[in-house]
Amino acid sequence: MLDEQVSTYFWSCSVFDPECLFSMMSSTKLNEMGATVEELKRENRERPKVAFSASLSESKGPNSDDGILVYKHVFNNIGEAYSPVTGVFRAPVNGVYYFTYTAFTASSKKRRVSLYKNGLLMVTVTDDVSDSEDGGSNGVTLKLDAGDEVYTRLMAGYYIFDDNNHHSTFTGFLLFT
């Protein structure tokens, strides 16, 4: 292919001129690279964008039953896949997602918060004997199908602390489809 390009460029210069040949080859390479950049930009524009991060904004527990934690203070919700009404993230597209959450306790209260995918336990943060203040976090990468649900639950009898300093958070984002 390069020999063919050199031959074409050679004949398009009025006189064999190395600068002309180099200039034409460079111009073609730049045009090819420009087309590649434009193609990558188009692919990126079409790629789904999903990311959220939210905090509880208030303490919860202890309750007599397990309960889904609803993170009401939303920092961002690109793609609108997280519901600050239900506390549930619903995958808008098939893909691999990353989730992380933090759970903070104060006043020597015990903490147990777990992350679930479609009702199945994935990971947990536990602290049964808290000193005055403790924070814990966990994270997981999950393969999700569109419509799959991910959320955190506070286990019965446990406590989680939050206030306007946003100690307890839930975050997730799409890595790739």
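List of remarks:
- Within the range 58-73, the set of residues being over 12 Å from Tyr101 (Cβ atoms) and open to solvent by less than 50 Å² (accessible area, probe 1.4 Å) comprises Ser59, Gly61, Gly67, Val70.
- Filtered residue count, the range 16-60, keeping only those that are more than 30 Å from His73 (Cβ to Cβ), within 26 Å of the chain's Cα centre (by Cα) and modelled with pLDDT under 80: 2
Conditions (1) in contact with a strand residue (DSSP E or B) (Cβ under 8 Å, 6 or more places away or on another chain); (2) among the hydrophobic types (A, V, I, L, M, F, W, C); (3) within 23 Å of Leu120 (Cβ to Cβ), marked per residue:
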position: Lys60; (1), (2), (3): yes, no, yes
position: Gly67; (1), (2), (3): yes, no, yes
position: His73; (1), (2), (3): yes, no, no
position: Ser83; (1), (2), (3): yes, no, yes
position: Thr86; (1), (2), (3): yes, no, yes
position: Phe89; (1), (2), (3): yes, yes, yes
position: Val96; (1), (2), (3): yes, yes, yes
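- Of the candidates Leu142, Leu175, the single residue that is surrounded by fewer than 16 Cβ atoms within 10 Å (Cβ to Cβ), within 18 Å of Ala81 (Cα to Cα) and touching a Phe, Trp or Tyr at 6+ places or on another chain (Cβ under 6 Å) is Leu175.
- Selection over the range 85-106 of residues that are modelled with pLDDT of 95 or more and either open to solvent by 20 Å² or more (accessible area, probe 1.4 Å) or not in a strand (DSSP E or B) (or both) gives a count of 13.
- For the range 108-118, the candidate set comprises residues that are under 10 Å from Arg153 (Cα atoms) and at pLDDT 95 or above; within that set, the residue that is surrounded by the fewest Cβ atoms within 10 Å (Cβ to Cβ) is Tyr116.
- Filter pass, Gly79 being of a type in the set (Gly, Ala, Ser), modelled with pLDDT of 95 or more and within 13 Å of the chain's Cα centre (by Cα): yes
- Filtering the range 154-172 to residues that are of a type outside the set (Val, Ile, Thr), surrounded by 18 or more Cβ atoms within 10 Å (Cβ to Cβ) and under 18 Å from Thr105 (Cα atoms) leaves Leu154, Met155, Tyr158, Tyr159, Phe161, Asp162, His167, Ser168, Phe170.
- Unmet criterion (only one of (1) at pLDDT 95 or above; (2) surrounded by 21 or more Cβ atoms within 10 Å (Cβ to Cβ)) for Thr124: (2)
The values are calculated or read from the model by the stated rules, or taken from the named source; none is laboratory data. This is a predicted model, so every value here is computed, not measured. No Cβ is skipped: glycine too gets one built from the backbone with ideal geometry, and neighbour counts run over all protein chains shown. Only protein heavy atoms, including side chains, enter the accessible area calculation; ligands, DNA and RNA are left aside. Shrake-Rupley method; radii C 1.70, N 1.55, O 1.52, S 1.80 Å.
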